[in-house]
1. I'd like the Karplus ³J(HN,Hα) series for the stretch 189-202: coefficients 6.51, -1.76, 1.60, θ = phi - 60°, whole numbers in Hz, and an x wherever there's a Gly or Pro.
2. If r is the Cβ-Cβ distance from D166 to A204 and R0 is 22 Å, what FRET efficiency results, to the nearest 0.05?
3. Near A164, within a Cβ-to-Cβ distance under 12 Å, what is the net charge of the other residues, with Lys and Arg +1 and Asp and Glu -1?
4. Once amide H atoms are placed 1.01 Å from N in the peptide plane, what residues at a sequence separation of 5 or more from T201, or on another chain, have their amide H within under 5 Å of its amide H?
5. Around S97, with a cut-off of 10 angstrom between Cβ atoms, what is the net charge of the other residues, counting Lys and Arg +1 and Asp and Glu -1?
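None of the figures in this text is laboratory data; all of them are computed from the coordinates on show. These numbers were taken from a predicted model, which means no experiment stands behind them. Here the Cβ is made from the backbone with ideal geometry for all residues, glycine too, and neighbour counts use every protein chain on show.
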Amino acid sequence: MNRTRLILVALTTTFVAAGCGAGSKDNDDASGDSTAAPTASSSTPTTAPETTDAPTTDATTETTTPTTDATTETTDAPATSVPAGGAGCLDGEWTISEIDASDATITVSGAAEGMTMTFATGTWALRATDASIPAEVAGTPATLSLDGEAAGQMATLGDRLQFALDDAEGTATVAAAGMEEELAFEDVIVALGPTGEATSTCSATAATLTTETTTIDLTREGPAPDTSTSTTGDAVLIDESGATVTHACGGAAVTIISGDSIVTLTGDCPTVTVTGGGNTVSVDRVGEIFVSGADNDITWGAALDGTTPAITDTSVGNTIVQG
């Protein structure tokens, strides 16, 4: 979020300056309130010992409560944790119904009109068409407007998802207090997500993606995909640098973000993506190879379809050969 904070510093200055007269008075009042705060804090240690006896009674209550709650959650919860990839519940097109995101300067919360997301095997895409989201900048009510597209990769990382942004193009503006400021579209996408690690819940009609600072609620467009006969595995992320790793693809996409590792991929690998650098990668059978990291040595044995896999290399110092 550091890059987002830099973009929003200008916004804070602009919007705060508009109301700085009122702000001075509020600061004076706040200053008075802060004087009283130490008294309240200093009294806390006096009353703290009284709470020492509470844990005995509370511990008994807490021991019984989880048993009841666990039963309820197991029976009633309609959503399940979702892996990335072709067999994942997220596959398909979704409407973004609501976004809640915040950092020290901006808060976005409410219905996201005009925004959709699409998930496929190991990839995600976001489209904003004249979209608008309620926001707040430096305490001032605002509207964030977006128009553009973003896309990237996603993979399974244990019980979490890992999202990476590949490309973002469009326009972003925030309007508040009669003023309007243009933002970098890519920085807004980084702030709103999905980028980095996330958890996910998903049902046939709704899903939620949650990162450290963002929650995205999704509503499915059209029927849920039928994955009962799918032979495609879940996307896998290899992120251990300096390691020797052997992995059986089993029809799953693989993303390698580690550096200076020796990675051996066996079986059928529909897509292999390498964003890390200095790796030595060997693939049995592969459909597509995407490389954005530098100085990687990649050897493939056979193509899944045709004589040569589709190869995209956007970096330098890479060798990609059959061997």
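1. 5, 4, 6, 7, x, x, 9, x, 7, 8, 10, 9, 10, 8
2. On the way: r = 29 Å, r/R0 = 1.31.
For R0 = 22 Å, the calculated efficiency reads 0.15.
3. Working: positive: none; negative: D166, D167, E197, D239.
That sum, taken over residues with Cβ under 12 Å, equals -4.
4. T208
5. Values: positive: none; negative: E98, E113, D217.
Value of the local net charge: -3.
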